[in-house]
Amino acid sequence: MSALTRRRLLGAALASAVTIGLAACGSDDDSSTGGGTAAAQSVSDADVEAALQAGGNLTVWAWEPTLTKVVAEFQKKYPKVKVNLANVGTSADQYTALQNAFQAGSGIPDVAQIEYYALPQFALQKNLKDLNAFGAASLKDQYNTGPWNSVNSGGGIYGLPMDSGPMALFYNKEVFDKYKVEVPKTWTEFLEAARTIHKADPKVYIANDTGDAGFVTSMIWQAGGKPYTVDGENVGINFADAGTQEFVKVWQTLISEKLLAPITSWSDQWFQGLANGSIASLATGAWMPANFVTSAASGSGKWRAAELPQYTAGGTASAENGGSSLAITEKAAASTLAYGFLKYANQGDGVKIRVDNGAFPATSATLNDPNWLNTEFDYFGGQKANEVFAKSAQGVVSGWTYLPVQVYSNSVFNDTVGKAYVSNTTLTDGLKAWQDQTLNYAKDQGFTVK
Amino acid sequence: MTTMVTAAQAPETDEAPTRRGKNPRTKKSIVLTLLTGIVLIYSLLPLVWLLINSTKTQDGLFTSFGLWFDDGPFAFFSNIADTLTYNDGIFLRWLGNTLLYVVIGAGGATFLAVLAGYGLAKFDFVGKKAVFAIVIGAVAVPGTALAVPTFLMFAKLGLTNTPWAVIIPSLITPFGLYLMWTFAAEAVPTEILEAARVDGSGEFRTFFRIVLPLLAPGIVTVLLFSMVATWNNYFLPLIMLRDPDWYPLTLGLNAWNAQAATAGGEAIFNLVITGSLLTIIPLLAAFLLLQRYWQSGLAAGSVKE
């Protein structure tokens, strides 16, 4: 309860901060954001290396747990650099802090962890450095297409991908075997499996869902939907598109037939459900295994990973869920040094340190590394789960984009679409309300709404 | 007849006042007992829950009934040890921070409230009415509403992300000031002050030697109130502080709680629960030890003698 009120409070604080931030942005030269021309490289690799050797202080705001080890190794390699790594809050909490700092114009970190869905918002407010100035465009081939596209916005590169979340279906094999249910290959089969399992034991559900903006957008993404259109300051949303309808058809049935456990993800009950088998599957990003191990330890050995069910039988479509980048703030005092850290953490030695500690990579070298692919997961009964994830990473549907007001939009998801999960409102009506409320907000922010 | 009636009635009227005087203390009301019982259970249940669950391991928390002990290992002491040592003992650092904020913030707030309350109660000066209006107005404004403007102001001063950003706003308690004001007006007779002046005592001497002891119950009340407010302060530090090294316990525990909900995050709910238990013990102790004072402080001024 208290967490909910706090969230709302922060959401409100964030919303007001964003209003002011973007109002200031509107007075800037409008053409620069929509131009699409990449800025020329002004800092060479040699400059970056020199800055690393010369040393200095770096403030990094991130909640990613593996970064602690990366920072330690980084400081060992470049002893003159002192990194102050601060966890100022997870996800939305940190965005509030960032927004406040940008607004106040002081206390801004050099480097910040920003999830892909939030990156366009900070980029468009001109709070982040365009990494083209450091020649980041040459790193394109080092990353998998999904995460790389996510850090690109209107011709600028606003961060280096840190991790990614190609989706997979995690399922409790014990439960599936007990009720003799095949692992679903399509969402239609998933629906059938949901009915069978819940009918056999009313306490067991195939999945939980009380409304999760990130999940819904990922599901639409996989279905090939492209509801969001962004062109510079022109913004459009259309939840009536074919892909969205595919998702609505499946999920509305699950909701109407009460086949989803009314448990919110990341809540205590959720961890409990994953551990005791009352939540039988989970479609989410490939970063999940590390969480399984620490948060639902008693499910060990029972779970497996499978490819995401498809909308079209025989397809290989997938989507990203979650994942984040490291970005350099526009006002960073030591931006060249900061870029050196970004490269170390997200492209250089840091990648291996993070992957060894359970993070899911965004770099193509790791995704193709036979050693990594052959890793056997005890939690998944010795399964080589990375093979599943790597395949999913290849199947991520291209062309997806988030809105430059996505952080706000996701914060009002539960007030709009969320109603469909708990009342007679249909998903279609909920999505319509979400669309309207988001577009109104975008209009207030000075965007041209189509 | 008339005399008989009077005689028969007399003892009744005699008895009535004494009965009315005794009743509230002797007669038991089942409804009241029941209601108090419910309130007692309601207030103790979270504490009981906290105590029970601080004996469970992370895994035990999710596999056992919430209001009873689990069959797993009794992890109370290992939980305490883990809480104090997790992440290089950051919990102790947070505890130290909270103590710092309470001692300087709440202590300073009480000191200022006592000074100002006494001054406003016992001295006449121009603008007293305006001060009264401002203080009363300030009582009505919730601190949460001021947090964001305060943040922007402190950012301009370069004070955000320093302990001062938490301490300075904590120094101001309009409610404490108002409480001290009304308390001082009642508890310090003007005659004593006049006598002291006649005997040649200076204003500071009078304040420290005569007034302070008279104000003791009021001071303890204000101290307790501001201590609780500072100890539990969440929103202000949340906005002001970025560096976990300066977090108070409230923010620190929240950070621990939130760390499970992220990719690769380690769930340490057992430490969050044990940490919460450790966090409330000093407050409980303060209340129990100072109970005597603050009850009399609260009641003061409620009866006109």
>> I want to check the label-to-label distance for A:ASP415 and B:ASP71. Put each point 7 Å from Cα in the C-beta direction and report it in nm to one decimal.
In response: 4.8 nm
>> Tell me the Rg and the Dmax, in Å, that the Cα atoms of the range A:190-303 produce.
In response: 16.2, 52
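Taking R0 as 56 Å, what's the FRET efficiency between B:ALA216 and A:SER106 from their Cβ-Cβ distance, rounded to 0.05? Present the calculation step by step, with values, prior to reporting the outcome.
Values: r = 43 Å, r/R0 = 0.78.
That pair, B:ALA216 with A:SER106, gives E of 0.80.
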> For chain A, what is the relative contact order in percent, using Cα pairs closer than 8 Å and at least 6 residues apart in sequence?
Replying inline: 25 percent
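How would you order A:275-287, A:425-437, B:147-159, A:398-410 from highest to lowest mean count of nearby Cβ atoms within 10 Å? Walk me through the intermediate numbers first.
On the way: A:275-287: 23.0, A:425-437: 18.6, B:147-159: 16.2, A:398-410: 21.0.
In decreasing order of mean packing, A:275-287, A:425-437, B:147-159, A:398-410 become A:275-287, A:398-410, A:425-437, B:147-159.
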> What number, in percent, do you get for the relative contact order of the range B:83-299 if the mean sequence gap of Cα pairs under 8 Å and at least 6 apart is divided by its residue count?
Replying inline: 32 percent
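Calculate the dipole size of chain B relative to its Cα centre from +1 charges on Lys and Arg beta carbons and -1 charges on Asp and Glu beta carbons; express the result in debye to the nearest 20.
Values: 18 positive and 18 negative charges, 150 e Å.
The calculation lands at about 720 debye.
When you look at the Cβ of every residue in B:238-245, what mean number of other chain Cβ atoms sits within 10 Å? Numbers along the way, then the final one.
Working: counts 9, 5, 2, 3, 14, 6, 5, 2.
For peptide B:238-245, the averaged partner shielding equals 6.
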> Could you work out Rg/(2.2 N^0.38 Å) for the range B:29-74, with Rg from alpha carbons only?
Replying inline: 1.54
> Where does the Debye-calculated log10 I(q)/I(0) of chain A sit at q = 0.12, 0.13 Å⁻¹, using only Cα point scatterers of equal weight, no solvent?
Replying inline: -1.05, -1.23
>> Counting pairwise Cα distances across the range A:318-362, what percent come out greater than 11 angstrom?
In response: 70 percent
> What nm distance separates the two modelled labels at B:THR190 and A:VAL422, each placed 7 Å from Cα along Cα→Cβ?
Replying inline: 5.8 nm
> If a helix is a whole DSSP H run, which ones in chain A reach 27 Å or further along their own axis (Cα) and hold a mean Kyte-Doolittle hydropathy of at least -0.5?
Replying inline: A:2-26
> Looking at the protein assembly as shown, what % of the alpha carbon pairs are farther apart than 49 Å?
Replying inline: 28 percent
> Expressed as cubic angstrom per residue, what is the convex hull volume of the alpha carbon set of the range A:83-210?
Replying inline: 186 Å³
> Taking the simple approach of a point 7 Å from Cα along Cα-to-Cβ for both B:LYS156 and A:ASP45, what is their distance in nm?
Replying inline: 4.7 nm
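When the Kirkwood hydrodynamic radius is evaluated over all pairs of different C-alpha atoms of chain B, what value in angstrom, to one decimal, is obtained? Don't skip to the end; give the middle numbers.
Values: mean 1/r = 0.0423 Å⁻¹.
After inverting the mean inverse Cα-Cα distance, the result is 23.6 Å.
Taking all pairs of different Cα atoms in the range B:126-211, averaging 1/r and flipping that mean, what Kirkwood radius in angstroms comes out? All intermediate terms of the calculation are to be shown ahead of the outcome.
Working: mean 1/r = 0.0627 Å⁻¹.
Taking every pair of different Cα atoms in the range B:126-211, averaging 1/r and inverting gives 15.9 Å.
Using only atoms on other chains, find how many Cβ atoms lie within 10 Å of each Cβ of peptide B:251-262 and report the average.
Neighbouring Cβ atoms belonging to other protein chains average 5 per residue here.
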>> List the pairs from A:LYS203/A:LYS391; A:LYS76/B:LYS156; A:LYS343/A:LYS384; A:LYS384/B:LYS56; A:LYS178/A:LYS199; A:LYS302/A:LYS352 whose alpha-carbon separation is above 24 Å, in the order I gave them.
In response: A:LYS203/A:LYS391; A:LYS76/B:LYS156; A:LYS343/A:LYS384; A:LYS384/B:LYS56; A:LYS302/A:LYS352
> Highest GNM mean-square fluctuation, chain B, Cα pairs closer than 10 Å: which of B:ILE281, B:ILE172, B:ILE273?
Replying inline: B:ILE281
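Averaged over its residues, how many other protein chain Cβ atoms are within 10 Å of peptide A:87-93's Cβ atoms? Could the numbers behind the result be given before it?
On the way: counts 8, 9, 7, 10, 3, 0, 4.
Going residue by residue through A:87-93 and averaging, the value is 6.
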>> For the ranges B:162-171, A:355-364, what's the packing order if you count other beta-carbon atoms within 10 Å of each residue, average per peptide, and put the highest first?
In response: A:355-364, B:162-171
> Amide H neighbours of A:SER153 under 5 Å, counting only residues 5+ apart in sequence or on other chains, H built in-plane at 1.01 Å?
Replying inline: A:TYR158
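Which trypsin sites (Lys or Arg not before Pro) in the range A:182-273 pass both tests, a DSSP loop state and at most 13 other beta-carbon atoms within 10 Å?
Numbers: sites: A:LYS185, A:ARG195, A:LYS199, A:LYS203, A:LYS249, A:LYS258; in loops: A:LYS185, A:LYS203, A:LYS258.
The qualifying sites are A:LYS203, A:LYS258.
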> Using r as the Cβ-Cβ distance of B:ILE281 and B:LEU34, and R0 as 30 Å, what FRET efficiency do you calculate, to the nearest 0.05?
Replying inline: 0.45
> Over all pairs of distinct alpha carbons, what does the Kirkwood formula give as the hydrodynamic radius of the range A:67-112, in Å?
Replying inline: 12.0 Å
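None of the figures in this text is laboratory data; all of them are computed from the coordinates on show. Every value quoted in this text rests on a predicted model; they were computed, and no experiment measured them. Every residue, glycine among them, receives a Cβ derived from its backbone with ideal geometry; neighbour counts consider all protein chains shown.
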